[in-house]
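Visitor: Below you will find the structure I want to go over with you.
Just so it is clear, none of the values below were taken in a lab; they were calculated from the coordinates. Keep in mind it's a predicted model, so treat the numbers as computed, not measured. With ideal geometry, Cβ positions are generated from the backbone for all residues, glycine too; neighbour counts draw on all protein chains shown.
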Amino acid sequence: MRVQSHVQKDGLPGLYNVKVLIREDGCAVSGGEWYYKFVRENSRLSLFEMIDPEDAKDLQSIIQKAAAAGDACEPGVTLLELITSLDNKLGDVFPYVHLRIEKAKTSEMAKPLFEVHLTDMLESRDSIIGRQEYLEKYRFYMTLKREIYFDYTPATNILSVFRYINGVSFSIYYGDLDAFLQQYKENGWLDEDDALERAEMVVGYLKNKELSFSLNVFMTYEGHRYDFQLRGGTVRSADPYCAGVLTPAEAAKDEKYYMTEAALDAGTGIFNKRAITEYTMEYLAKLGGKSGDETCWLLIIDVDDFKNINDQFGHAFGDEVVRHVAETLQKAVKNRGMVGRFGGDEFMIFLNRVPTREALKDLLKPLAKDLLIAFDPKFTLTISVGASCYPKDGTDFETLFAKADKCVYIAKEKGKNRHIIYDEALHGELEKNSMETQAVAYAVSNERRRQKMEEILVGLGLEGSSYLLDHPERVDELRAVFDVDGVCITSRDASKLYAASGRYIKATTDEEWHDPALFASMFDESGFYVENNVESLKDVMPQVYRGFAEFEIGASVIVTNMKDGKPGTMIHFDVFNKRRKWSERELDYIGLLGKMIVTLIDEGK
C-alpha cells in the first residue's frame, strides 16, 4: 500500500499519543486541547463514527465485553490495538493512526470509562527523530557539567545515581534505596550524626514523593569532606518517580581522572588515552578476575592507510576523518561501553554490555559499513579492528590489550577492512618465544615492523647467513614478524634443512614434494611464489597439493633464486590449516628479506 503524503493540519498540533476518555457509546468525556481542536463543532461525534467502519465494529465489541466483565477487567491493560483512519467529518483526515484502548482508572457515575491513545504514524516518525535529537543534545549538556544525577522509583524502591561522561550515562549506584543507605553507614561515609540525619531526610523525601526538596548534604571519605547541594522533586506521570541533582561544592581532591574535564581528547571530545586506560583498568579491577556472568570486550581500532589520507588530502581533512570516526564509534557503542582515542588514528573501546561474540559482530558489521560510505566518492574509509574478551582471554588490562593489539596486526596483514576477534587456537598464546618476539607479534604499527626488519637486514649484512642459521631464536622472530605458523629454509632439492621454526607435523625435508623441477613452474621470474589457498591446487597441481596437504599447509609464500630456470635455496613462510590473504606490503617485506637470505646462503656467505 502506498503511503499518502503527510499534510499538517492548519493550526492543529501533531497527533502524538493523544489521550481521549470515552464512554461505552464512544462519545468523549474528556479529550484535551488537541481533540477538541480536531473535532471542533462535531464534539458530540462518537469515536466509532470517526474511524474506519470495520475497525469501529471491533472497538465497539471489545468495549462492550470489558464493560460487562466489570471488575474482572483491570484498568491499564491493553484491550485492543489497531491501525485505522481518523476523520472528523469536516474535511480533516489522518489516514494512518495507531489506536490503543484500555479500561480507565476513573469512571463516570459508576460507569466505566475507556482511555484511547491515538498517534499518527507519520507524525510519530518525525516526533521520534525530534525526540532523539533532543536526547542527544541534553546528554551533551549533561556531559559538560560536573553534577551527579539521581532518580528513584517508589514502586520498586530502586535508586539510580549516575553521571554523564562522553554523552553516556556512567552508573555510580543502581539498586535498593535502603541497601544504599546501609552501605553508606557500614562504610563510615556518614560517620557524623548530622550527615546521617540529612541522608535519612533525603530517603524520607524520596519515599514520600515530595513535590520539591532542597538541602545541603555531605559525607566524609578517606578523611576528606565532600559537600553537595541536593535538589530534587517528584515527576508526575502515570507512575510517579523522583529525580534530582547533586552539585558538588568543590572538586573532590581524589576525583577520578576520567571524570574530570582533562580526560577528554581535544580533537574528538571522547576519552583520551589515559582516561580510557584508567577507566578500563578500574572496571576490570572491580570485577576482580571473576569468571561470572559478565562478559566484557576490549577493542583496538586503527584507521587503514591514514598516512595516505593525510598525504593526499591534507592534515586538516585527516583531522575531520578522525573526528568522524570518533563520532561514529560513539554512536555505535551508545551506552554499552566507553570510547577513547589513543592518539593519531588509533582508538580503543571497552564494552561491558555486549554479552556474546555474535552480539559483538552485530555491532561491528554496521559500524564498518557506515564508515565505508562516509566520504564517498572522495575515498573509501576503512578500519581494522582487534578484539579480546574478558574473562575468556584474560582478566587484566595488559593481557587483553596485547591480544586485541595482535588481532589488529593480523587484520592489517590479512588485507585490512576487517575485524579479528582473538581465538587462541587460531592466533596462538602470548607466552611464546622471547619477550622481544612477543612485542613484534602483537605490534599494531607497521613502523615497529619496519624497525624489526631493519634490525634483521643489518644483522644479515654484518654477519651473513649465520645471523639466522646459527641462532634459531632469530628464525622464531622472523616467523613472528610475519605472524605465520612456520618458516623453513631448505636446499633446492630439499635434501638439506638449513633452519626451521614452527610445529610442522612431519620432517620439512621431503625430496618428492620438494622436487625442484616441480617447483620451477610455480615461481615467477624473480623467484617468488604466492599461494593464498592451497585447496585451489587440488585439480590443477595435484602433486604439489598433496605435499602441502601432508604438512597441513593452507597458504604459503616461497622465495628462491632462479638460475637457468631452476630454483636454488628456498625459504618458506607457511600458514597451517587456513587460508591467508597476503597484503602487498607484507609480500614486499617477505620478498626483500627472503631474497637476501637465500642469496647469502647460495653464495656461501
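Visitor: Need one word for region 289-425: rounded, prolate or oblate. Basis is the Cα gyration tensor (sqrt eigenvalues a ≥ b ≥ c); a/c below 1.5 gives rounded, then a/b vs b/c decides.
Guide: prolate
Visitor: Right, another one. How far is helix 177-186 tilted, in degrees, relative to the longest principal axis of the Cα atoms in the chain, given as a value from 0 to 90 rounded to the nearest 10?
Guide: Approximately 60 degrees, to the nearest ten.
Visitor: Against the longest principal axis of the chain, how steep is helix 193-207, in degrees 0 to 90 to the nearest 10, with axes from Cα atoms?
Guide: So the inclination is approximately 70 degrees.
Visitor: May I pose another question? Toward the positive end of the charge dipole of region 272-344, about the Cα centre and with charges on Cβ (Lys, Arg +1; Asp, Glu -1), which of Val321, Ala285, Thr295 goes farthest?
Guide: The one lying farthest along the dipole's positive direction is Ala285.
Visitor: Same structure again: For Glu282 and Glu327, compute 0.36 nm times the residue count separating them, minus their Cα-Cα distance, and round to one decimal in nm.
Guide: In short, 13.8 nm is gained.
Visitor: Which lysines have a Cα lying under 22 Å from the Cα of Lys369, excluding residues fewer than 8 positions away in the same chain?
Guide: Cross-link targets: Lys307, Lys331, Lys334, Lys361, Lys378, Lys412, Lys414, Lys416, Lys581.
Visitor: Along the charge dipole of the chain, pointing to its positive end and built from +1/-1 on Cβ of Lys, Arg, Asp and Glu, which listed residue (Tyr164, Ala500, His572) has its Cα farthest out?
Guide: Among Tyr164, Ala500, His572, the one farthest towards the positive end of the dipole of the chain is Tyr164.
Visitor: Check each of the trypsin sites (Lys or Arg not before Pro) in region 347-379 and keep only those in coil by DSSP with at most 11 other C-beta atoms within 10 angstrom; list them in order.
Guide: Qualifying residues, ordered by number: Lys378.
Visitor: Please give every one of the lysines within straight-line cross-link reach of Lys595, meaning a C-alpha to C-alpha distance under 18 Å, and leave out same-chain neighbours fewer than 8 residues apart.
Guide: The reachable lysines, counting only those whose Cα sits under 18 Å from Lys595, are Lys452, Lys563, Lys566, Lys605.
Visitor: In degrees from 0 to 90, rounded to the nearest 10, what is the angle of the helix 315-333 Cα long axis to the longest principal axis of the chain?
Guide: The two axes meet at around 60 degrees.
Visitor: Follow-up question, since we're still on this one. What percent of all Cα-Cα pairs in region 71-125 falls in each 10 Å bin, counting up from 0?
Guide: Bins of 10 Å from zero give 23, 40, 28, 10, 0 percent of pairs.
Visitor: Still on this structure, please answer the following. For Ser521, Ser501, which order do you get if you count the other beta carbons within 10 Å of each Cβ and list the fewest first?
Guide: Ser521, Ser501
Visitor: Which FRET efficiency, nearest 0.05, do Asp370 and Ser171 yield, Cβ-Cβ r, R0 35 Å?
Guide: Efficiency, rounded to the nearest 0.05: 0.80.
Visitor: For the residue pair Ala425 and Val161, what label-to-label distance in nm results when each label sits 7 Å from Cα along the Cα-to-beta-carbon direction?
Guide: It is 4.6 nm.
Visitor: Under a straight-distance cross-link criterion of Cα-Cα below 29 Å, which lysines are reachable from Lys111, leaving out those fewer than 8 residues away in the same chain?
Guide: List returned: Lys19, Lys37, Lys57, Lys65, Lys89, Lys103.
Visitor: Sort Tyr258, Tyr467, Tyr409 so the one with the fewest other Cβ atoms within 10 Å of its own Cβ comes first.
Guide: Least to most surrounded, the residues fall as Tyr467, Tyr258, Tyr409.
Visitor: From the list [x] 1.00; [y] 1.37; [z] 1.10, can you say which value of Cα Rg over 2.2 N^0.38 Å was derived from the structure given?
Guide: It is the one labelled [y].
Visitor: Something else about it: Which ordering of Met109, Met541 is given by a fewest-first count of other beta-carbon atoms within 10 Å?
Guide: Met109, Met541
Visitor: Here is a further query. Given Cβ point charges of +1 (Lys, Arg) and -1 (Asp, Glu) and nothing else, what value in debye, to the nearest 20, does the dipole of the chain about its Cα centre take?
Guide: For this selection, approximately 960 debye.
Visitor: Under a point-charge model restricted to the Cβ atoms of Lys and Arg (+1) and Asp and Glu (-1), what is the dipole moment magnitude of region 18-125 relative to its Cα centre, in debye to the nearest 20?
Guide: Dipole size: approximately 220 debye.
Visitor: Please list 62-75, 327-340 highest first by mean number of surrounding beta-carbon atoms within 10 Å per residue.
Guide: 327-340, 62-75
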